[in-house]
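The values are calculated or read from the model by the stated rules, or taken from the named source; none is laboratory data. Computed from a predicted structure; not experimentally measured. As a convention, Cβ positions derive from the backbone with ideal geometry for all residues, glycine included, and neighbour counts pool all protein chains shown. Quick note on the areas: whole protein, heavy atoms, side chains included, nothing else; ligands and nucleic acids left out. Shrake-Rupley method; radii C 1.70, N 1.55, O 1.52, S 1.80 Å.
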Amino acid sequence: MTRITKTATQGFLYLLPIWAIGMILGQLGLQLIASAYGVSDLMGLIDSLATTDPQPNELAGLKWGSLFSHFCGYTLVALGFSLIWKPQKALDFLLLNRSAKFWTYLLLPVLALCLYPIAMQLYALNQMITPESWIAKETIALQEKLMSMNSPIELMTNFLLVGLAAGIGEELLFRGILQRLLSQLTKNLDLGIWIAALLFSLIHFQPEGFIPRFLLGALLGYSLRWTGSLWTPILLHIAFNSSQLLLYYYFADQMSEQTGLELPTYLGILAYPLAFAICFLLYKGHKKQGDIQADDYLPY
């Protein structure tokens, strides 16, 4: 077991400089893209979002710059690390060469819709217990402006940023790499899942949304363990984010900052048993097919 701990430690020593390079490249790209759209003072623009609306060109620069920055900070880092760490087995290392059962992918959008009212209820609770001074108002203002959509083209742009980029990049890094390394380091699959979920929530720098993101991160981690394929958390993450985008696009005037879209009470109640039932199916349905076990996950 000593070799496993050493390997995990070395993995983090490789990952940290690669992550730093990716973040630097992302920030430089964000600055350049924003400048190309006429944004001369990027930080000043972000600071002013809570009180003023950006010009269309400024908003476009923020969106495309954020997309590039996210790609460099997550997807590029994860792929770069995997190719360096396991150059001949990168896909195997990331568990991208495995597939869950076909019915799994049909259930993931349903699970994502069930998770929405649950996440909104947890978000409202989280806001109630978060001190006012801790709430990331600038981040919320930036997200609100980035989420603003007045046309199908803007919806597709946001789908690239919030749906695909976040779903793919964050799962590659947090579930594909960090969860594996943390499981190796702690010699415990469950502990690796929960620590990765903790980091996943913390990296968003939004204390008022810590609880729902933490629990979502854990569910994404277990969906990987149950099915043995990274495509499961990737597609679930994409479906969850995209469902929020569609609801925001079609029902923006009915959205509440605390609880999101106001849904009938019975739908909020039904979401819990339905989500539990789908998770149970994911768990039981893959026990003999792709469940990650210590003998094929930890020693890598």
**Request:** Using the Kyte-Doolittle scale, find the helices of the chain whose mean hydropathy is at least 1.0 and whose Cα atoms extend 18 Å or more along the helix's long axis, counting only whole DSSP H runs.
**Result:** 102-129, 189-202, 265-285
**Prompt:** Given a cut-off of under 8 Å on Cα pairs at least six residues apart, what relative contact order in percent is computed for the chain?
**Reply:** 25 percent
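Residue 110 to residue 255: extension gain in nm, 0.36 nm per residue of separation minus the Cα-Cα distance? Spell out each step's value before the answer.
On the way: separation 145, 0.36 × 145 = 52.20 nm, distance 2.09 nm.
Gain on stretching residue 110 to residue 255: 50.1 nm.
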**Prompt:** Pulled fully out, how much extra length does the chain show between residue 246 and residue 143, if you take 0.36 nm times their separation in residues and subtract their Cα-Cα distance?
**Reply:** 35.6 nm
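Only four residue types carry charge here, +1 at the Cβ of Lys and Arg and -1 at the Cβ of Asp and Glu. Report the dipole size of region 74-168 about the Cα centre in Debye, rounded to the nearest 20.
Working: 6 positive and 5 negative charges, 93 e Å.
It comes to approximately 440 debye.
Tell me whether region 194-245 comes out rounded, prolate or oblate; compute the Cα gyration tensor, take square roots of the eigenvalues as a ≥ b ≥ c, and use a/c under 1.5 as the rounded threshold. All intermediate terms of the calculation are to be shown ahead of the outcome.
Numbers: a/c = 2.63, a/b = 1.31, b/c = 2.01.
Taking the square roots of the gyration eigenvalues as a ≥ b ≥ c, region 194-245 is oblate.
Compute the FRET efficiency between residue 198 and residue 265 as 1/(1 + (r/R0)^6), taking r as their Cβ-Cβ distance and R0 = 25 Å, and round to the nearest 0.05. Intermediate results must be reported in sequence, preceding the final value.
Working: r = 32 Å, r/R0 = 1.27.
E(calc), rounded to 0.05, equals 0.20.
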**Request:** Take the Cα pairs of the chain, get the Kirkwood Rh, then feed it into Stokes-Einstein at 20 °C and 1.002 mPa s and tell me D in µm²/s.
**Result:** 106 µm²/s
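Just to confirm, what accessible area per residue do you get for the chain at 1.4 Å probe, in whole Å²? Show your work: numbers first, answer last.
Values: 14810 Å² over 300 residues.
So the chain comes to 49 Å² accessible per residue, rounded to a whole number.
What is the calculated FRET efficiency for residue 281 to residue 40, with r their C-beta to C-beta distance and R₀ = 41 Å, to the nearest 0.05?
Efficiency at R0 = 41 Å is approximately 0.20.
Hey, what number do you get for the chain at 222 nm if only DSSP H runs of n ≥ 4 count, each worth -39500 (n - 2.57), divided across all residues, to the nearest 500? Let's see the in-between values first.
Values: 15 runs with 207 residues, N = 300.
Here the helix-only value at 222 nm equals -22000 deg cm²/dmol.
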**Request:** Using only the Cα atoms of region 17-133, each taken as one equal point scatterer with no solvent, compute I(q) by the Debye sum, divide by I(0), and report log10 of the ratio at q = 0.15 Å⁻¹.
**Result:** -1.03
**Prompt:** Which residue, chosen from 128, 219, 147, occupies the Cα position most advanced towards the positive end of the dipole of the chain, where the dipole is computed from +1 (Lys, Arg) and -1 (Asp, Glu) charges on Cβ about the Cα centre?
**Reply:** 219
**Message:** I want to check the label-to-label distance for residue 23 and residue 88. Put each point 7 Å from Cα in the C-beta direction and report it in nm to one decimal.
**Reply:** 3.4 nm
